[in-house]
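J.: Have a look at this one before I ask anything.
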Amino acid sequence: MAHEQHNYLNHQKGIWSWLTTLDHKRIGIMYFIAIMSFFFLGGVFALLVRAELFTPGKTLFSADVYNRMMTYHGAIMVFMVIVPGIPAIFGNFVLPIMIGAKDVAFPRLNLMSWYMLMIGAAITGSTLFLENVDTGWTFYTPYSSIKTGMGVIPMVLGVFIIGFSSILTGLNFIVTTHKLRAPGMTMNRIPLMVWALYSTAILQVLATPVLAITLLLLIAEKTLGVGIFDPQLGGDPVLFQHFFWFYSHPAVYIMILPAMGVISELVATYSRKIIFGYTAIAYSSLAIAGVSFLVWGHHMFVSGQSEFAGVLFSFITMLVGVPTAIKLFNWIATMYKGSIRLDAPMLFAIGFMFLFTIGGLTGVYLASTGMDVHFHDTYFVVAHFHYVMVGGTLMALMGALIYWFPKVTGKIYSDLLGRISWVFIFSGFNVTFFPQFILGNMGMPRRYYDYLPTFTELNQMSTFGSWLIGTGFLVGLFGVFHALMKGKEAGNNPFGGKTLEWTIPSPPPHENFDKTPVLTGGPYEYR
Amino acid sequence: MNWFSFITATSFMPVPATKESGDVDNLYIFLLVSGLISFIILIGGMVIFIFKYRRKTEDQKSAYITHNTLAEFLWSFIPFVIMMIIFAWGWSVFHDLRRVGEKGDVEVHVTARQWAWTFKYANDIEINSPSDKKLVENDPDSTLLKPEVVVVPVGKTIRFILTSDDVLHSFYVPAFRNKMDAVPGRRTTFTFTPIEKGDFTVFCTEYCGTKHSNMMATIRVVDGEQFALWQSEKLAGMAGASNKGPAERGEALFKGSLGCSGCHSIDGSRIVGPTFKGLYGNKRDFADGSSVVADDAYIKQSILVPTAKIVAGFPPAMSSFQGRIKEDEIKDIIEFIKTLK
Ligand code: HEM
Ligand SMILES: [Cu+2]
């Protein structure tokens, strides 16, 4: 190209133009930088936690230091990485373009969400220097309210603010999806990524306030001595668990639904085939979102809640399994008679399906009351949720990164580096977390600083695997810099995608579309 | 049957030691086999498609299939049926594990506290676990303490009535496939019928602070006569203990039912709280800058209102023993502390 093309990246210049930008694409990039920094920090904590568990007894740190690292690892990964991850980064970037809009409905609110995430993260992070927290990311009372330091207060205050960031993003996405679709883009023609983000947004708006209230009550008890959760003050310690999981169970779907959206896009594009069962995938997202509000009690089968409650929650939980299984079948059916290319993003999509299937099936074990009694709070659970959340969400995040990288930057991400990264992450992941299923069978409880010598070999395997994962992500990060420096020019549609973002230049112009597009059919019309 | 238990991965589980645990393992086998079949169908199908429909030429076309109602019905309905089976089976196993309200042949009150279990039999026999001896003796880095032994008879219904003095704990015996939270201010029950003799480890599975991983006990299942013998030995030991001097009684309280040794050493080393070696008659510096010479009044206050004076460099982690300790027990403990020069 002879002359510099006009796009959103060079539309305005200087750091200030970024910090005050109202462009959803730039905000997406700002989220990317912020969240990847948190991810790095959480990853370092993960590696340290695993290093400590390399041998029984004290390996590197004291028990108190271990408990803190375990807490920060969990809290950072959940509240600052996986929950905002895909919606805030990729949702922001592609959602408006995919529906043919110029921006989100409330650009200022969008920028404000980013600042709230930053402020919340700063407050939570400040406890690392003031008073470390050792409650675990679940902050269970009465340990958090009476038996540990005051650092819990800024910690949950930060999480509270991060929660508002999440609510605002969700609100923005809901309104955007309803109001800003291009002519001809009916609800049954929006890409599945948008359906996933839309369902997620509903969860964010409805569930997160419960977390916010819970954390405020915890602060009230800790500072003012109001008896809510502490039995010594007449409170109910199990009430906290009800509140907490009323948010946190839907939250696991906040984490995974956007990933499912990404997978739908990747499978369609790299199989070059119309998606199988569009309506089933779209509405199963909504079904999952709805039912996930009614299953929180499956985290509490052994908390002393009544047997009847346990059985009821078990039943409803089984119902969530069905739409989840439907999605897997649909993706695989999409590959049937397709024209499949195993580029790096497709490898990540396949990795997702592999890991997510294992995570999902072991979820059925845990949903079955009689079985869960044995596995609850053991390493089996640690393995299960890492398979779903990390195996699922992070695989999708990497796939999304490589897939949309050309659109965002105009440069192609090296497929070779993507594949190398995949090999390390995928194999390392199984080496890390599969042994934890067996540890759970053997009865090793989670959040353990020290363990019986019989658990040693499996823990060592797991620690070794964590180094492979670490390497894989470093390769992935290197790929980003490599592509920015040396990447090939992308062109509008390097992978043959059918959704609207592939019809505009890469990087897109400031307002996405020169002419508002008009839709005449659904997405994924590969004929 | 060994190859079978290996293939079904039940060999990784501890031997099923109670009547209920065999049923859990059968459910596990069903879950594993049905899960493996589902996995093979899903992932196997995916792998076949990847190879069969690989893009060979750049202009290769794909089929245009939007949906197939029969296939979609089947793959929704069949998983639903399997999940309902797993649900119902899980429920029936769960019902046997819970048995709320059923009285045991042997009843033991179990109190959890950071970081120890107290087992109290109807005849006042009391066991505190873990002990203050190391579990792995030759490893200086090991933090695990040797679990104390709690004895129960084989073939009888045993009911443990759980509660907690401070935070949430959870009573877990992998060999029994059973677990129950110990909740402050509530009673929960853990009922089981042992069918295997032997030693079985108890873990705490609800995160409860610094020494969470150290909260172990051993349940020893023996036959009826041995159980009776053990009980009478313990009762005789208790009778002997009341003839002891105050410092010895204090030592027993310190290491035993009050569980002070979980947080305070007597040899000068630092655990969670300050050591008691050389405490009596020496100066203590507090976090707020003040200090006193440790005397009877100071020790008593520290037991009853631990947060009144916080020793510099330690967290305010101790909870009050108000209501759990008698006046003369405090005197005994002070006598014991005096001996720790
Ligand atoms: C580099 C890969 C990772 C490794 C090696 C790793 C390892 C671990 C370990 C050893 C624990 C402690 C388990 C316990 O003691 O109970 C843990 C807990 C946890 N991890 Fe990861 N992890 C990794 C990545 C992630 C990611 C990306 C997430 C984001 C969702 C995540 C979420 C969690 C959560 C929520 C917990 C529970 C924390 C708690 O129980 O307080 N992990 N992880
Ligand atoms: Cu505990």
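The values are calculated or read from the model by the stated rules, or taken from the named source; none is laboratory data. Nothing here was measured: the structure is a model prediction, and the numbers come from that model. Glycine gets a Cβ as well: all are built from the backbone with ideal geometry, and neighbour counts include every protein chain shown. Just the protein is used for accessible areas: all its heavy atoms, side chains included, with ligands, DNA and RNA removed. Shrake-Rupley method; radii C 1.70, N 1.55, O 1.52, S 1.80 Å.
J.: Looking at A:397, A:342, A:361, A:417, which one is part of a helix (DSSP H, G or I), more than 16 Å from residue A:260 (Cα to Cα) and in contact (Cβ under 8 Å) with a residue 60 or more places away in the chain?
T.: Only one candidate passes the filter, namely A:417.
J.: In the stretch B:143-187, how many residues are over 19 Å from residue B:16 (Cβ atoms), touching a helix residue (DSSP H, G or I) at 6+ places or on another chain (Cβ under 7 Å) and more than 7 Å from chain A (Cβ to nearest Cβ)?
T.: 2
J.: Also: Across the stretch A:291-310, what is the total count of residues that are open to solvent by less than 10 Å² (accessible area, probe 1.4 Å) and not in a helix (DSSP H, G or I)?
T.: 5
J.: Another question, then. Being open to solvent by 20 Å² or more (accessible area, probe 1.4 Å), away from ligand 1 (no atom under 16 Å from the Cβ) and not aromatic (Phe, Trp, Tyr) narrows it down to one of A:442, A:485, so name that one.
T.: A:485
J.: I would also like to ask the following. Give the residues of the stretch A:383-423 that are over 14 Å from the mean Cα position of the chain (by Cα), open to solvent by less than 20 Å² (accessible area, probe 1.4 Å) and either of a type in the set (Gly, Ala, Ser) or under 24 Å from residue A:317 (Cβ atoms) (or both), sorted by residue number.
T.: Of everything in the stretch A:383-423, those that are over 14 Å from the mean Cα position of the chain (by Cα), open to solvent by less than 20 Å² (accessible area, probe 1.4 Å) and either of a type in the set (Gly, Ala, Ser) or under 24 Å from residue A:317 (Cβ atoms) (or both) turn out to be A:383, A:410, A:418, A:421.
J.: Based on what the data block shows, is residue A:165 under 26 Å from residue A:23 (Cα atoms), part of a helix (DSSP H, G or I) and either more than 14 Å from chain B (Cβ to nearest Cβ) or more than 16 Å from ligand 1 (Cβ to nearest atom) (or both)?
T.: Against the criterion (under 26 Å from residue A:23 (Cα atoms), part of a helix (DSSP H, G or I) and either more than 14 Å from chain B (Cβ to nearest Cβ) or more than 16 Å from ligand 1 (Cβ to nearest atom) (or both)), residue A:165 qualifies.
J.: Then there's this: Looking at residue A:462 and the list (1) within 12 Å of ligand 1 (Cβ to nearest atom); (2) outside any helix (DSSP H, G or I), which single condition is not satisfied?
T.: So residue A:462 meets the others, but not (2).
J.: From the list A:60, A:9, which one is within 18 Å of residue A:448 (Cβ to Cβ) and more than 11 Å from ligand 1 (Cβ to nearest atom)?
T.: None of the other options fit; the residue is A:60.
Yes or no, residue by residue, for (1) within 14 Å of chain A (Cβ to nearest Cβ); (2) more than 16 Å from ligand 1 (Cβ to nearest atom); (3) surrounded by 15 or more Cβ atoms within 10 Å (Cβ to Cβ):
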position: B:217; (1), (2), (3): yes, yes, yes
position: B:229; (1), (2), (3): no, yes, no
position: B:240; (1), (2), (3): no, yes, no
position: B:246; (1), (2), (3): no, yes, yes
position: B:261; (1), (2), (3): no, yes, yes
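J.: Need the failing condition index for residue A:371 against (1) assigned to a helix (DSSP H, G or I); (2) within 23 Å of the chain's Cα centre (by Cα), just the number.
T.: (2)
J.: Give the residues of the stretch B:156-191 that are hydroxyl-bearing (Ser, Thr, Tyr) and within 16 Å of ligand 1 (Cβ to nearest atom), sorted by residue number.
T.: Correct list: B:170, B:172.
J.: Would you confirm whether or not the stretch A:291-308 contains a residue that is under 15 Å from residue A:192 (Cα atoms) and in contact (Cβ under 8 Å) with a residue 60 or more places away in the chain?
T.: no
J.: Filter the stretch B:89-130 for residues that are open to solvent by 50 Å² or more (accessible area, probe 1.4 Å) and not in a loop (DSSP other than H, G, I, E, B) and give the result.
T.: B:89, B:91, B:92, B:95, B:96, B:109, B:120, B:126
J.: Right, next: Residue A:478 - would you say it is under 22 Å from residue A:32 (Cα atoms), within 25 Å of the chain's Cα centre (by Cα) and assigned to a helix (DSSP H, G or I)?
T.: Answer is yes for this residue.
J.: Quick one: count up the residues across the stretch A:492-504 that are touching a residue at least 40 places away in the same chain (Cβ under 8 Å) and either open to solvent by less than 80 Å² (accessible area, probe 1.4 Å) or assigned to a helix (DSSP H, G or I) (or both).
T.: 9
J.: Test residue A:372 against the stated conditions and say whether it is within 10 Å of chain B (Cβ to nearest Cβ) and within 16 Å of ligand 2 (Cβ to nearest atom).
T.: Taking the combined requirement at face value, the residue does not satisfy it.
J.: Right, next: Do we have residue B:113 as more than 19 Å from residue B:222 (Cβ to Cβ), in contact with a strand residue (DSSP E or B) (Cβ under 8 Å, 6 or more places away or on another chain) and of a type outside the set (S, T, N, Q) here?
T.: yes
J.: For residues that are away from ligand 2 (no atom under 16 Å from the Cβ) and either under 27 Å from the mean Cα position of the chain (by Cα) or open to solvent by 60 Å² or more (accessible area, probe 1.4 Å) (or both), tally how many sit in the stretch A:42-70.
T.: 18
J.: Residue check, residue A:229 against (1) part of a helix (DSSP H, G or I); (2) within 14 Å of another protein chain (Cβ to nearest Cβ); (3) open to solvent by less than 10 Å² (accessible area, probe 1.4 Å), all met but one. Which one?
T.: (1)
J.: Also, I was wondering about something else. In this structure, does residue B:137 turn out to be more than 16 Å from ligand 2 (Cβ to nearest atom), among the charged types (D, E, K, R) and closer than 27 Å to residue B:267 by Cα?
T.: It is true that residue B:137 is more than 16 Å from ligand 2 (Cβ to nearest atom), among the charged types (D, E, K, R) and closer than 27 Å to residue B:267 by Cα.
J.: Could you figure out which of (1) in a helix (DSSP H, G or I); (2) more than 14 Å from chain B (Cβ to nearest Cβ); (3) of a type in the set (Gly, Ala, Ser) isn't true of residue A:101?
T.: Result: residue A:101 passes all but (1).
J.: Which residue out of A:332, A:288, A:358 is open to solvent by less than 20 Å² (accessible area, probe 1.4 Å) and facing chain B (nearest Cβ under 9 Å)?
T.: A:332
J.: Name the residues in the stretch B:321-331 that are touching a helix residue (DSSP H, G or I) at 6+ places or on another chain (Cβ under 7 Å) and either at pLDDT 85 or above or loosely packed, with under 14 Cβ neighbours inside 10 Å (or both), would you?
T.: B:322, B:330, B:331
J.: Suppose we keep only residues that are surrounded by fewer than 24 Cβ atoms within 10 Å (Cβ to Cβ) and within 14 Å of chain B (Cβ to nearest Cβ) within the stretch A:72-98. Which one would you say is nearest to ligand 2 (Cβ to nearest atom)?
T.: The extreme case among them is A:74.
J.: Next question. Filter the stretch B:58-70 for residues that are modelled with pLDDT of 85 or more and more than 7 Å from every other protein chain (Cβ to nearest Cβ); which is surrounded by the most Cβ atoms within 10 Å (Cβ to Cβ)?
T.: Only one residue tops the list, namely B:68.
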